[in-house]
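Here the structure comes first, spelled out in structure tokens, and everything after it is commentary.
The values are calculated or read from the model by the stated rules, or taken from the named source; none is laboratory data. Just so it is clear, the model here is predicted, and its values are computed rather than measured. With ideal geometry, Cβ positions are generated from the backbone for all residues, glycine too; neighbour counts draw on all protein chains shown.
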């Protein structure tokens, strides 16, 4: 999305644009991994060979945690290497959601839907989206602010 929008807007894709697509791509991938973690028990008997089926639930949960951390490491790298300005660090405001999601990913899935959980039996995908929505929103907002109010360290 980011690379395509940049290309359509400017007619080119630079290294900075390519690198800027990676962090958001990771948290989008975490949603997909979360969805397939939730579907392991139905996918495996059908021969679906998703990453969570191949890795197993425990390793897939670790993979998503790795994606969450790598998201932030890439954000810092984008600023450090001056591929983008510092406004992208606004994504740090999503850290409370990451903390909540991390806690859920560190505990067993409940046996039944918590009250008001509307997407049961999906669990891990919902929590990945919980983080993704806020982090993605702040990521895009930071990119926009970097254009509107350029700042350098």
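The condition of being touching a residue at least 12 places away in the same chain (Cβ under 8 Å) and either touching a strand residue (DSSP E or B) at 6+ places or on another chain (Cβ under 8 Å) or more than 30 Å from residue 151 (Cβ to Cβ) (or both) holds for only one of 108, 121, that being 121.
Identify all residues within the stretch 7-22 that are without any contact (Cβ under 8 Å) to a residue 12 or more places away in the chain and surrounded by 11 or more Cβ atoms within 10 Å (Cβ to Cβ); write none if there are none. Break it down stepwise before answering.
Looking only at the stretch 7-22, we keep the residues that are without any contact (Cβ under 8 Å) to a residue 12 or more places away in the chain, and these are 7-14.
Within the stretch 7-22, 7, 13, 14 meet the criteria.
Of all residues in the stretch 95-122, those being touching a helix residue (DSSP H, G or I) at 6+ places or on another chain (Cβ under 6 Å), surrounded by 12 or more Cβ atoms within 10 Å (Cβ to Cβ) and more than 22 Å from residue 73 (Cα to Cα) number 1. Please give the number of the condition residue 84 fails out of (1) more than 17 Å from residue 26 (Cβ to Cβ); (2) over 16 Å from the mean Cα position of the chain (by Cα); (3) surrounded by 12 or more Cβ atoms within 10 Å (Cβ to Cβ). Only one criterion in (1) more than 17 Å from residue 26 (Cβ to Cβ); (2) over 16 Å from the mean Cα position of the chain (by Cα); (3) surrounded by 12 or more Cβ atoms within 10 Å (Cβ to Cβ) is unmet by residue 84, namely (1).
Say whether the condition of being more than 20 Å from the chain's Cα centre (by Cα) and over 29 Å from residue 5 (Cα atoms) is met by at least one residue in the stretch 121-133. Steps first, answer last, please.
Taking the stretch 121-133 and keeping what is more than 20 Å from the chain's Cα centre (by Cα), we get 121.
From what is left, the residues that are over 29 Å from residue 5 (Cα atoms) are 121.
Yes, because at least one residue in the stretch 121-133 is more than 20 Å from the chain's Cα centre (by Cα) and over 29 Å from residue 5 (Cα atoms).
If you go through the stretch 139-153 and pick out every residue that is surrounded by fewer than 20 Cβ atoms within 10 Å (Cβ to Cβ) and within 15 Å of the chain's Cα centre (by Cα), you end up with 1.
The criterion of at least 2 residues that are closer than 16 Å to residue 101 by Cβ is met by the following helices (runs of 4 or more DSSP H) wholly inside the stretch 1-77: 15-38.
When residue 82 is tested against (1) modelled with pLDDT of 95 or more; (2) within 30 Å of residue 145 (Cβ to Cβ); (3) not in a helix (DSSP H, G or I), only condition (1) is not met.
Quick one: which of 25, 3 is in contact with a helix residue (DSSP H, G or I) (Cβ under 6 Å, 6 or more places away or on another chain), within 16 Å of residue 136 (Cα to Cα) and surrounded by fewer than 19 Cβ atoms within 10 Å (Cβ to Cβ)?
3
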